[in-house]
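Data block below; observations after.
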Amino acid sequence: MIHSEKAYGKINLAMNILGRRPDGYHEVDTVYQSVSLHDDILFEASQTFRLTCSRDDLVCDETNLAYKAYTALLPFCDGPRPLHIHIDKHIPVAAGLAGGSADCAAVLRGLNRLWKLGLSSDTLRKIGRALGADVPFCINGGIARAGGIGEILVPLAPLPQWQVIILHPPVPVHTDKAYVLFDKASGLAGTDVGEMTAAVASKSFARVCGAMSNTFETLIMPHVPAVGECMNLLRRRGLRPLMTGSGPTVFALVPSDTDGEELAAAIENETKTTEVILTTLQ
């Protein structure tokens with residue numbers, strides 16, 4: 001029998017980088033928001049452990065976060081647990097959408113249920129924290145303000161299921177390299193994440209759009225021209241674009257009076273290389 005778990009991606013409605021810590025990690029202040037775009041994680045009985053993926057270019061060895069999640073739960077078992085885990089990938093890779101972290105969290109949730117371990121969400125978040133900064137949020141998803149390296153979570157009241165258009169150019173941006181750019185920079189303008197939390201509480205579409213900001217944008221855009229090109233595609237249609245995470249993916253919330261499918265089709269006709277995804281807040 002095959003069991004499955006959904007691994008939902010995320011966007012950052014606002015993101016501020018506060019500085020580098022002595023342990024090498026960076027303190028952040030951000031508002032995470034899940035989207036309905038997701039990978040499917042499939043679990044099937046096997047004679048040996050195997051991790052596979054629908055994308056041939058995704059490494060499935062012990063460096064994969066899903067592999068690490070499986071290994072992290074073995075100490076809670078009373079013996080070997082051979083299993084085949086397959087990742088049906090839909091979230092773009094190295095895109096600022098937390099695809100790897102979402103897969104990791106889904107493996108933790110799925111195996112906790114499948115193996116009847118009885119671990120609480122809090123315990124899963126603590127395990128996930130040791131695996132990746134975005135993993136604790138991805139355990140439960142929704143919307144939350146996050147501090148620390150992303151593991152200190154304060155849930156926020158959910159927003160309406162507004163449509164989101166996501167533009168993913170074919171240029172990977174790795175988070176560690178983005179933070180190197182931050183460490184070398186000076187005089188960066190901060191992001192008022194408190195204004196975003198107030199905007200979320202108001203549930204005002206206009207106010208949320210107005211509060212969207214990401215410190216990483218000014219760092220990444222000079223090195224990745226495709227980010228600016230994606231933003232211009234959205235601005236020309238009257239939308240407020242924002243880069244999510246460390247990029248290069250750009251998104252915009254779609255007003256209720258705009259046909260999201262028509263919008264996505266029009267942008268697809270205009271760009272030949274950028275992936276266009278229409279999704280919703282989750």
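Details
- Percentage relative contact order, the chain, counting C-alpha pairs under 8 Å, at least six apart: 23
- Alpha-carbon Debye profile of the stretch 51-186, log10 I(q)/I(0) at 0.15, 0.18, 0.19 Å⁻¹: -0.85, -1.16, -1.25
- 24 Å Cα-Cα reach of K203 towards lysines, excluding residues that sit fewer than 8 places from it in its own chain: K10
- Our analysis of the chain gives Rg over Rh at 0.97, with the two radii drawn from alpha carbon positions and Rh computed by the Kirkwood formula.
- Under 11 Å, Cβ to Cβ, from P82 - net charge with Lys/Arg +1 and Asp/Glu -1: +1
- Within the assembled protein chains, the solvent-accessible surface assigned to D78 is about 140 Å², based on a 1.4 Å probe.
- Translational D in µm²/s for the stretch 115-212 (Stokes-Einstein at 10 °C, 1.306 mPa s, Kirkwood Rh from C-alpha pairs): 98
- Over the stretch 222-281, relative contact order from alpha-carbon pairs under 8 Å, at least 6 apart, %: 22
- Binned Cα-Cα distance frequencies in the stretch 194-280 - 10 Å width, integer %: 16, 47, 32, 5
- Each pair of Cα atoms in the stretch 1-103 enters the Kirkwood radius, and Stokes-Einstein at 10 °C and 1.306 mPa s then converts it into a translational diffusion coefficient of 103 µm²/s.
- Couplings for the stretch 246-251, taken from phi via the Karplus curve 6.51 cos²θ - 1.76 cosθ + 1.60 with θ = phi - 60°, read 8, x, x, 5, 10, 9 Hz in order; Gly and Pro are left as x.
- Remark: the chain carries 45 Å² of accessible area per residue (probe radius 1.4 Å; ligands, DNA and RNA excluded).
The values are calculated or read from the model by the stated rules, or taken from the named source; none is laboratory data. Please read these numbers as outputs of a predicted model, since none were measured by experiment. Every residue, glycine as well, gets a Cβ built from its backbone with ideal geometry; the counts of neighbours run over all protein chains shown. With ligands, DNA and RNA removed, areas are computed over all heavy atoms of the protein, side chains included. Shrake-Rupley method; radii C 1.70, N 1.55, O 1.52, S 1.80 Å.
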